Amino acid sequence: MAAYAPEPRRLAGQPERLIGRHFVAQHERPAGVASIPVGSLSAHHRVLLVTDGTVGTVLEAAALEAVVADQVDQREVPAPDGGPATWLGVPAGTPLVRRRVVLRGDPSGTPYVSAESLLAVHRLPPGFTTVLDRTPGGIGAVLLASAAESRRELLWFGRPDGLPWPGHPPEPVLVSRAYRLILGGESTALITENLLC
């Protein structure tokens, strides 16, 4: 892992470098995800972009309402060749759980973020997915409740062409980001979040 070294004076007036230094694989963002001038994003969206904590907690503080994870789809899928399998450190074909959710305000119903997670279930604590299915706050809420030591490694960000998946909410995606969730020193999930409003 690269050491974080603050460079406030050298990066003044260079927002792309200032934000980009937090992402370890910006140069590897997928085809179909364009670069975006970070100065075009609001301060709120820039905070969400670089947070290495739970997005739900940040959203609740910003929106002053509870945030719930509405599950859109969850199913077992084989790890695809390349990209996700590489970041999770699993061979192609390894069974993963793909989970798609929309984080909405409660009671407003406002869709704030959509997310797709690829979970290496064999690396998660026993019973994690069962608790996840019963917890309205999603993965972040389960991690907070379990007091599991975890960290997020930010990979890339950009603006995707079109909607991230079939059946995605019609709200336009302002910016997407991807990160690895690391539990117990192992990559356990690859999460792509799409900021909607």
request  = Round to a whole angstrom and tell me the spacing of the C-alpha centers of the range 52-116 and the range 33-47.
outcome  = 20 Å
query = Mean residue ellipticity at 222 nm from the helices of the chain, using -39,500 (n - 2.57) per DSSP H segment of n ≥ 4 over the full residue count, to the nearest 500 deg cm²/dmol?
reply = -6000 deg cm²/dmol
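What's the magnitude of the charge dipole for the chain around its Cα centre, counting Lys and Arg as +1 and Asp and Glu as -1 at the beta-carbon? Answer in Debye, nearest 20.
Details: 18 positive and 19 negative charges, 89 e Å.
Dipole of the chain, to the nearest 20 debye: 420 debye.
What FRET efficiency, computed as 1/(1 + (r/R0)^6) with R0 = 30 Å and r the Cβ-Cβ distance, is obtained for residue 46 and residue 122, rounded to the nearest 0.05? Show your work: numbers first, answer last.
Values: r = 35 Å, r/R0 = 1.18.
It comes out at approximately 0.25.
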note = Scalar couplings 3J(HN,Hα) for the range 16-31 by Karplus 6.51 cos²θ - 1.76 cosθ + 1.60 (θ = phi - 60°), nearest whole Hz, x for Gly and Pro, are 5, 5, 4, 7, x, 5, 7, 10, 7, 9, 4, 6, 10, 4, x, 4
inquiry  = So if a site counts as exposed when it's one of the trypsin sites (Lys or Arg not before Pro), its DSSP state isn't H, G, I, E or B, and it has at most 11 other Cβ atoms within 10 Å, what's the longest stretch of the chain without one?
reply    = 11-197
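Can you give me the relative contact order of the chain as a percent, contacts being Cα pairs under 8 Å and 6 or more apart? Can you show the working numbers first?
Working: 347 pairs, mean separation 45.7, N = 197.
Normalised by residue count, the contact order of the chain is 23 percent.
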task = Could you pull the Rg and Dmax for the range 15-195, using just the Cα atoms, both in Å?
result = 15.5, 42
query = From the backbone phi of the range 73-78, what are the Karplus-calculated ³J(HN,Hα) couplings (6.51 cos²θ - 1.76 cosθ + 1.60, θ = phi - 60°) in whole Hz, Gly and Pro given as x?
reply = 7, 8, 7, 7, 9, x
inquiry  = Spelling out what I want: for every residue of the range 103-117, take phi, set θ = phi - 60°, compute 6.51 cos²θ - 1.76 cosθ + 1.60 (Karplus), and round to whole Hz; glycine and proline get x.
reply    = 8, 10, x, 10, x, 5, x, 4, x, 9, 9, 10, 8, 10, 10
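Every number here is computed from the coordinates shown, using simple stated rules; none is lab data. Nothing here was measured: the structure is a model prediction, and the numbers come from that model. All Cβ positions, even for glycine, are placed from backbone atoms using ideal geometry, and neighbour counts span all protein chains on display.
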